[in-house]
Every structure is written in structure tokens, then in C-alpha cells.
Amino acid sequence: MSGLPPMGSSMRMQATGARQQQQGAGNNSNDSSEEEEEAAERGMLRGSHGSSSSSSSRSRMSWERKALRLQYILTIAAVLLILLVVLHVVALGRQQSSAANDSCTRVTSSSSSVPPSAVAAVPSPGMSPAPVSRVVSMLSPDLDVCWRNPFLSGVSEEDVVSYEAHYAAWWQRRSATMYRQLTHFYYNPNWHPDEPSKDTYAKLTAGRVGDELLPVIYDAQRPWPCPYGPNGEHHVERLHKPGEGASEAKQICGLSKYNELITKQKERWPELFASSAAAAAPDECIVYSLGSNNQFGFEEVLSATTSCSTWTFDCTSSPPTTSIPRLHFEASCLGPEEFQDTGKNLQLRLFPMHNPAAEFKPSSDQFRPILEKVKYTTYYKIVDEKLKHTHVSLLKIDIEGGEYATLIDMLSDPVKSRTLAPFQITIEIHWWTRGIGHAMLTMELLNLLYRNGYRVVSHETQWDPSCFELTWVRAFC
């Protein structure tokens with residue numbers, strides 16, 4: 001037993017013998033085995049290289065797709081930015097005047113007989129409006145030329161463009177003009193005392209303050225055209241009853257030719273009267289007269305020289321004692337209802353007939369109880385609801401400081417004023433005799449008239465030079 005080799009040694013000897021036997025049995029098989037191993041190694045290498053190449057390709061394709069998406073996003077953003085810039089430029093262009101004349105620009109699509117405002121105000125049912133030539137005003141940028149106004153029947157588009165170009169420059173100089181005129185007024189010893197406490201109503205009236213400040217109201221050398229005189233000359237009618245004071249005279253543009261002007265309008269702009277809205281065309285001459293003071297000379301002359309129908313409004317006067325053809329009297333005062341029944345009537349502070357150095361009250365107590373109890377009715381309640389008029393041809397205002405309430409109430413409605421504000425206004429306006437508040441209110445009223453498309457046709461200074469008669473025609477609406 002002790003002579004037997006160990007078990008581990010025996011097993012090793014058997015394995016060694018087996019390997020020698022295998023080596024001896026087939027030396028040729030070694031070559032083929034080595035070739036197979038080499039082929040397997042080459043196959044494994046090729047598989048490894050193929051997997052790496054496929055992964056790299058997929059990664060490259062993923063980055064290309066991301067770059068393409070980013071390119072699309074940047075392109076869309078650039079297009080949107082360009083559109084926003086174009087829209088902004090177009091919006092600015094609609095509000096600004098052209099560089100050529102600083103005032104008006106004409107955008108002509110094609111020749112057409114359709115007026116711009118007719119397209120907006122009287123569209124034909126089921127029909128698209130024809131291309132038109134549009135005039136854009138710097139003073140009234142949101143409005144078009146008011147071709148439906150009969151008092152514009154003799155005015156050409158060239159007249160409008162030329163006038164607006166002139167007034168764009170005038171408007172730019174207006175503040176400087178006011179500064180210069182006020183300097184002249186305050187430092188003229190014949191017009192204004194060195195000591196403000198010595199100001200008197202007589203000093204203001206004798207000082208011709210109205211004439212001095214006229215250049216900030218309008219350019220008297222270039223009024224809005226009223227070409228209804230001989231040979232188409234600028235001509236304003238002066239309606240005045242003989243025997244009445246000069247302050248009762250009113251200057252009107254073309255009213256005695258109203259029917260002729262309407263006929264001309266229909267021939268010039270037939271589309272304006274061709275639609276179902278033609279019933280709203282201003283065929284009938286309708287006049288509103290605010291303020292009478294128991295004097296009806298204006299209404300009598302109007303009745304004798306025109307075919308107009310007149311409505312006179314005055315809550316402080318009585319109806320006429322004699323019949324006047326086509327005259328209707330309404331015991332109403334026109335103005336805002338905001339301070340109704342409060343006892344606060346700004347007209348008491350603006351009443352012209354007293355010394356501005358005194359307290360803000362009328363010189364005669366007969367007006368105070370009347371003005372404190374005035375019941376106002378708004379302009380549009382009268383026109384639109386009560387009388388149901390589709391237009392007002394002329395509005396005459398002579399109400400001693402009440403003009404501010406009436407006009408500001410009327411022109412502050414941006415919708416109704418487009419179609420129902422009067423075609424022409426003649427107004428007695430009192431300039432700044434009640435102090436700084438009065439001056440501010442006057443300037444705001446003038447600006448409001450310009451913004452609403454009104455232009456001054458003429459003026460006349462009254463016996464009190466701080467008081468003007470101004471006649472305005474609505475050129476834009």
C-alpha cells in the first residue's frame with residue numbers, strides 16, 4: 001500500500017498521458033483548430049467594430065434631427081418678428097402724415113367716384129366697397145373727409161390736402177405763437193397794467209385781447225374754403241335782422257344754397273344716396289338754435305331766406321309772440337345731466353356780463369335764480385330720441401357761457417358724434433375773461449372741435465373784443 005503513488009500524482013500522470021496521446025494521434029488537426037480560432041477572433045473583431053459604427057451613426061442622426069428642429073423654430077420666430085415689425089410700421093403710417101407735406105397722405109387704390117366716408121357710413125348691402133382715395137389728417141387722424149356734408153360739395157380733394165398741409169405746420173407753431181402773443185399782451189402798457197390787481201373788465205375789452213389771441217384759434221389768412229360766392233369765391237353769408245344789435249348777426253357758409261348743394265352732392269357721389277341708408281341723407285335743412293333771450297331775429301331771417309326748419313331751445317326765455325314759419329320752440333337747455341339738481345352750474349362762473357375782478361357772480365341777480373335751476377337735456381336725447389333727426393345741418397349757439405357744457409357734452413361721445421354732430425356750427429365764444437380756469441376750458445374746447453373734424457370758416461369780433469363769433473364746418477367725420 002505504501003508503495004502506491006499518491007492519488008493526485010496518478011491523476012496528473014493520466015492527464016499528461018492523454019494529452020500526449022492526443023498530440024500523437026493527430027498533429028494535422030492542430031492546424032485546422034488554430035485556423036478556426038483565428039477565424040473566430042476575426043469574426044468577434046468584426047462584430048465589435050460593426051456595433052460601434054452603428055451606435056455612432058444613430059448618435060449623428062439624432063443630432064441632425066435636433067439641429068433641424070432648432071432651425072425650424074428659429075425660422076418661425078424670425079417670420080413672426082418680421083410680421084410684428086410690418087404691423088407696427090403700418091399702424092404708425094396710418095397715424096402720421098407723409099414726409100412730403102407733413103400733414104396729408106393720399107393712398108389711391110384706383111380711380112373711383114365713391115367718397116371715403118360714404119363707404120364707411122352708407123355701405124351697399126351685399127356689396128364690397130369700391131377702392132377709394134383716402135386723405136389722412138394730422139389734426140383729426142381717426143376721421144375721413146366728411147363728403148356727406150353738403151357744405152363740402154364745392155370743396156375738392158386737392159383743397160382738403162392743401163389746407164391740411166398748411167394747418168399741420170400751423171399746429172406745430174401754435175404753442176410758440178401763444179407764448180409770443182401773451183408776451184406781447186402782458187408787456188404792452190396800453191393793454192395790460194403792471195399790477196394784476198388793477199385788471200378790470202374795461203381794461204380787457206379795451207385791450208383788444210381777442211384780436212391779440214386770434215392767431216392761436218386759427219389762421220385768419222387761410223380759413224376753410226366756403227366757395228359759394230360769385231365765380232366760386234370764398235363767401236360767408238351774414239344773417240342779421242335790421243334793427244337788432246350787431247352781436248345778433250351770424251355768419252353762415254352756404255346755407256341759402258342748401259338745396260343746390262344737396263343736388264350737387266347727389267351728382268358727385270351717387271353711391272352716397274344709392275343704398276338702403278339713403279333715408280339718412282341730409283336732404284332736409286334742419287337748424288338748431290340755442291339761446292334766444294326773447295329775440296328771434298335770426299329765426300325770422302332764416303325763415304325768409306332759406307327753406308330750413310328751425311328748432312329753438314331756451315329754458316330761460318318764452319316762445320315768440322308772433323308766428324314764424326317752420327319755427328319750433330323748445331323750453332329746454334342743452335348740456336350734460338351730470339350735475340342736475342345739485343345747484344352746481346359752471347355757467348354761473350363763466351357768465352360774461354360782469355367784472356372779472358369782482359366775485360364770480362352775474363352783475364344782475366335776475367340771472368342767478370334762473371341759472372341755478374337750469375334743467376339740462378343732452379344733445380343726443382333731443383336729436384336721436386325726441387326729434388329722431390338723422391342729421392343737423394346747422395347748430396347756432398349764443399348762450400352766454402353755456403357753450404362749454406353743450407359742446408363738450410356733444411363732442412365727447414365718440415360713436416354718436418360721427419354721424420349726428422352738426423355739419424356746421426356758428427358759436428359765440430367768450431375768451432378767458434373769467435380767469436385761468438376759463439382760459440383752460442376755452443383752449444380745450446377749441447382742441448376738441450379740431451379733433452372732431454371741425455375747421456374755422458370765418459370769425460367776427462364783437463363789441464366786446466374778448467368775445468368772438470366763430471363759424472366752423474365739419475370737414476372730417
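Have a look at THR406, THR471, THR419, THR442 and point out the one that is modelled with pLDDT of 95 or more, among the hydroxyl-bearing types (Ser, Thr, Tyr) and either in contact with a Lys or Arg (Cβ under 9 Å, 6 or more places away or on another chain) or assigned to a helix (DSSP H, G or I) (or both).
THR471
Quick test for you: out of ASN231, ASN259, pick the one residue that is closer than 22 Å to LEU395 by Cα and not in a strand (DSSP E or B).
The match here is ASN259.
In region 372-392, is there at least one residue being in contact with a strand residue (DSSP E or B) (Cβ under 6 Å, 6 or more places away or on another chain), at pLDDT 90 or above, surrounded by 20 or more Cβ atoms within 10 Å (Cβ to Cβ) and part of a helix (DSSP H, G or I)?
Scanning region 372-392, I find at least one residue that is in contact with a strand residue (DSSP E or B) (Cβ under 6 Å, 6 or more places away or on another chain), at pLDDT 90 or above, surrounded by 20 or more Cβ atoms within 10 Å (Cβ to Cβ) and part of a helix (DSSP H, G or I), so the answer is yes.
Can you run down the residue pairs with Cβ atoms below 8 Å, 6 or more apart or on separate chains, where the first is in region 369-389 and over 13 Å from PHE313 (Cα atoms) and the partner is of a type in the set (A, V, I, L, M) and not in a helix (DSSP H, G or I)?
Note: pairs meeting the criteria are HIS389/ILE286.
Report, by residue number, each residue of region 285-328 that is in a loop (DSSP other than H, G, I, E, B), surrounded by fewer than 21 Cβ atoms within 10 Å (Cβ to Cβ), at pLDDT 90 or above and not hydroxyl-bearing (Ser, Thr, Tyr).
If the condition is that a residue be in a loop (DSSP other than H, G, I, E, B), surrounded by fewer than 21 Cβ atoms within 10 Å (Cβ to Cβ), at pLDDT 90 or above and not hydroxyl-bearing (Ser, Thr, Tyr), then CYS308, PRO319, PRO320, ILE324, PRO325, ARG326 are the ones that fit.
Name, by its number, the condition in (1) of a type outside the set (Asp, Glu); (2) within 16 Å of VAL216 (Cα to Cα); (3) modelled with pLDDT under 85 that does not hold for ASN447.
The single condition ASN447 does not satisfy is (3).
The values are calculated or read from the model by the stated rules, or taken from the named source; none is laboratory data. Values in this document were obtained by computation on a predicted structure and should not be read as measured data. Backbone-built Cβ (ideal geometry, glycine too); neighbour counts: all protein chains shown.
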